[in-house]
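Since the structure comes first, as structure tokens, the remarks are kept for the end.
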Amino acid sequence: MSEPSTEVVIRDCGPRDGLQGENPLDVDIRLGLARDLASAGLHDIEAAAFVSARAVPSMAGAAEIVAQLPDDGTNWWVLVPNRRGAEMAVAAGASRITVTVSASPVYSEKNVNMTVAESLAQVAEIRAAAPTATIDAVVSCSFGSSFGDRVTVADVVGVCASLRQLGTDHLTLADTTGTATPRRIESVLAKTGTDVGLHLHDTRATALTNALAAYQLGVRRFDTGIGGLGGSPFAPGAGGNLATEDLVLLLEDIGVPTGIDLDALIDVSRGLGKVLGRELPSRVARAGPLPEFAE
């Protein structure tokens, strides 16, 4: 594997967020995708989710996946929704956990069937169940809600403050339904600071623009999804993740090293498209890498 970039951290959530809304794939296929992403140079990968297989059947077999992930220096992440999920993750050997709390009360009810306060209480339970794990708290709907309620910057700041008090190690602001714009990104970061990650969705074709704006403001951690797949099954109409290969191409072209092999990444993306039987949303996977250009 290549050395991790000291300039940016890109966490590919494809094996989890990317596949959670798809028809279930065999554990071996999902495990192979995670390994292929690591081989392409990704050092942070969200590989599984310890959620109800009845509610999200595509995420069944999380413990089996974690048990077979290579010990190759990759930071393997898993999503958990509650204390029971955290206990299962720890028992399986996971040491990096993502949790979600929504800034939108309506989406919180739809996604986890809890109020925001109840969801925060679960984070405290997760912290207690996984005292030595690294926990990244992802704040859903950080740039607006598409569910009829109104999210403000103060709402986002309040949720972030509560999560910090609960002992989470990192914060990631999620544009769950693709409502972010560079202006909204700047407004939120002005209050939260830039020591956060961004989890961007491309519902309104703004994800790559938002990532560039955030980078220019000082953000250095980004969640992406191979091929541009993904989106919450509880957020109808939401677009997929910012495609990993699209962000890598842009960053490398402006002189930001990622440590990721773009050609290998495109191969992984196209291969996944064949597995799923359709062309994936990523523009770079369709068009290929940039040609040579003399200045």
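No lab work stands behind these numbers, since they all come straight from the coordinates. Small disclaimer: the values here were computed from a predicted structure and weren't measured. Every residue, glycine among them, receives a Cβ derived from its backbone with ideal geometry; neighbour counts consider all protein chains shown.
Amide H to amide H, with H built 1.01 Å from N, Thr98 comes under 5 Å of Val78, Leu79, Val80, Asp136, counting only residues 5 or more places away or on other chains. Close amide H pairs (under 5 Å, H built 1.01 Å from N) link Thr177 with Cys141, residues at least 5 positions away or on another chain.
Mean residue ellipticity, 222 nm, helices only, the chain: the sum of -39500 (n - 2.57) across DSSP H runs of n ≥ 4, divided by residue count and rounded to 500, is -12000 deg cm²/dmol.
Computed over the chain, relative contact order equals 19 percent, with contacts defined as Cα pairs under 8 Å that lie 6+ residues apart. With each label modelled as a point 7 angstrom along the Cα→C-beta vector, the Glu3-Ala117 pair spans 5.1 nm.
Once you reduce the range 213-287 and the range 35-69 to the center of their Cα atoms, the two points are 18 Å from each other. Per residue, the convex hull spanned by the Cα atoms of the chain measures out at 120 cubic angstrom.
Ranked by the mean number of other Cβ atoms within 10 Å of their residues, highest first, the peptides 12-19, 162-169 come out as 12-19, 162-169. Pairs of Cα atoms nearer than 8 Å and 6+ residues apart set the relative contact order; for the range 92-185 it is 34 percent.
Take the Cα of Thr152, step 7 Å toward its Cβ, do the same at Asp263, and the gap between the two points is 5.4 nm. Protection proxy ranking, highest mean first, for peptides 270-281, 210-221: 210-221, 270-281, where packing is the per-residue count of other beta-carbon atoms within 10 Å, averaged.
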